[in-house]
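Asks: Input: one structure, supplied below.
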Amino acid sequence: MIWARAEGSRVWDETGREFVDLTAGFGVALLGHRNARIMEAIASQPVVHALGDLAEAEVTRQLRAALPWPAKLGVTGEDAVEIALRTALLATGRPGIAAFDGAYHGTGLLALAATGLERFRAPFAPWLPGPVHRFRYGADPGPLPPDTGCVIVEPVQGRGGARVPPAEFLERLRERCDEAGALLVVDAIFTALGRLGEMWPGSGVADVLCVGKGLGGGLPLSAALFVRRDLERAWELGREDVYTHTHTGSPLACAAALVVLEEVPRLLDRVRELGERFGADGWHGAGLLRTRRRNAADAFRRGVLVIPIPAEERSHSLIQAAPPLTISDDDLGEAFARLRA
C-alpha cells in the first residue's frame, strides 16, 4: 500500500481509496495526520538544521526547557533505549541487562538484545551483545543477577500485544533495582505522551524514561529523560559527545514536539473515555493501545488500517489499534462498524 494522502484519522491510497486509520503511523501521529498547529510550527522555523550536539537551534533549547527532566535527545525510539542502556553501564559499571519476554525495544543490536521477540532476534543472534537475563513479564523476577546494571521494561507492552502487567509490577521492579544498585529503565516510547491516558507512564519509579514515536508530532525525535537527574552527568566524558547523530535535536521535530507537549495534556480525559469504548467493543489493553483477535488483511479489505501482530507463541494473530488521540467519535464508530460488518 502507498499512502497518497493523510488527514486527521483518514488515509487515502494511490488509487484514491479511503481508510479509517487506527494506526496513527505506528502511534506517531498523536494529534492526527497533518495537524494544523504542527504544520504551522514546522513551516515557521527559521532554522531547518543546526549542528546537533555542537550548535543547537533555539527551538531545541526551548524543547529541553519544556521537558520535565534533563534529556539526551535521539532521533529514533531505539536511540533513546540505547542511551538509557549505555547510561546504566556508565553509572554502574555492570553490563548485565534484565529484560522480559514479549518486550520490544528496537532493532539496533543493543536494543535487540533486550528485545524478547524471537522473530526479530533470530537472524542476528550471533551478533547480539549481553549478558541479558530474561524474565516473565508481569512477574517478580526475584533478586537480580550480580552483574545487572539495569532492568528495562515497558509499562504496557506494545509489539508484544498490548499486554498490561499487574498494578504492582513496576513498583516491585523498583524495589529489586534498589536492592541490587541497578537502574530502572522504563521504555515508554509507545505508551508515553497520552496513549495510556497519562503523560509519563512509569516516571514515578524510573531512573531513565525513554520517549519517542509521537514526541515529534510525525517527525523523528526521541529522548532519554533522566528522571534521576544526576545521571545526566554520566555522559560528561570529554569535549566530544560519544553518542550523537547528525540529526540530533532537529529544529523541525523540536518545534512539532512543543505543540505535542502543549496539546496532549488537554486530551487525557478524552483518551480514557475512548479507551472505555475500545474495551466495550472487545479490545484488550489500556487507553488507546489495544489489541484483539482478528486478521489484519480482513480489516484492510473492510477499509480499516490496523497494526498486525504476528503470532509467535500464540495460536492466533492479533490486530492492534493505536489511533490518534484526536480521533472523533464518528471515525471510531465507523471503524468499529466496518470491522463488525
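A short reminder: the numbers here are calculations on the coordinates, not readings from a lab. Every value quoted in this text rests on a predicted model; they were computed, and no experiment measured them. Ideal geometry is used to build each Cβ from the backbone, glycine not excepted, and the neighbour counts take in all protein chains shown.
Asks: Among (1) 171; (2) 137; (3) 147, find the value of volume of the Cα convex hull per residue in Å³ that was calculated from the structure presented, and write down its label.
Replies: Answer by label: (2).
Asks: How much of the DSSP bridge set in the chain is antiparallel, in percent, rounded to the nearest 5?
Replies: 65 percent
Asks: Measure off 7 Å from each Cα along the Cα-to-Cβ vector at R5 and R17, then give the distance between these two points in nanometres to one decimal.
Replies: So the two model labels end up 1.7 nm from each other.
Asks: Going by C-beta contacts inside 10 Å, put H105, H49, H33, H245 in order with the fewest on the left.
Replies: The most exposed by this proxy come first: H49, H245, H33, H105.
Asks: Once the Cβ-Cβ distance between A337 and M39 is put in as r, and R0 is 22 Å, what FRET efficiency do you end up with, to the nearest 0.05?
Replies: 0.15
Asks: To the nearest 0.05, how large is the calculated FRET efficiency for A280 and A167 if R₀ is 30 Å and r is the Cβ-Cβ distance?
Replies: After rounding, the FRET efficiency stands at 0.90.
Asks: Could you rank the peptides 108-119, 21-32 by their average count of other C-beta atoms within 10 Å per residue, with the highest value first?
Replies: Ranking the peptides 108-119, 21-32 by packing returns 21-32, 108-119.
Asks: In nm, to one decimal, how far is the modelled label at R64 from the one at N295, with both set 7 Å along Cα→Cβ?
Replies: Placing both labels 7 Å beyond Cα along the Cβ direction yields 5.3 nm.
Asks: Under 5 Å between amide H atoms, partner at least 5 residues away or on a different chain: which partners does C150 have, H built in plane at 1.01 Å?
Replies: A98, L183
Asks: In whole Hz, with x marking every Gly and Pro, tabulate ³J(HN,Hα) for the range 95-110 from phi via Karplus 6.51 cos²θ - 1.76 cosθ + 1.60, θ = phi - 60°.
Replies: In residue order, the calculated couplings are x, x, 10, 9, 9, 10, 4, x, 6, 10, 10, x, 10, x, 4, 5 Hz.
Asks: As I understand it, the dipole of the range 43-263 uses +1 on the Cβ of Lys and Arg and -1 on the Cβ of Asp and Glu, about the Cα centre. Which of F124, G52, A224 lies farthest toward its positive end?
Replies: F124
Asks: Are there any chymotrypsin sites (Phe, Trp or Tyr not before Pro) in the range 231-300 that are in a DSSP loop and have at most 13 other Cβ atoms within 10 Å? List them by number.
Replies: none
Asks: Roughly how many nanometres apart are two label points built 7 Å out from the Cα toward the Cβ at H49 and Y243?
Replies: Result for the modelled spin labels: 2.4 nm.
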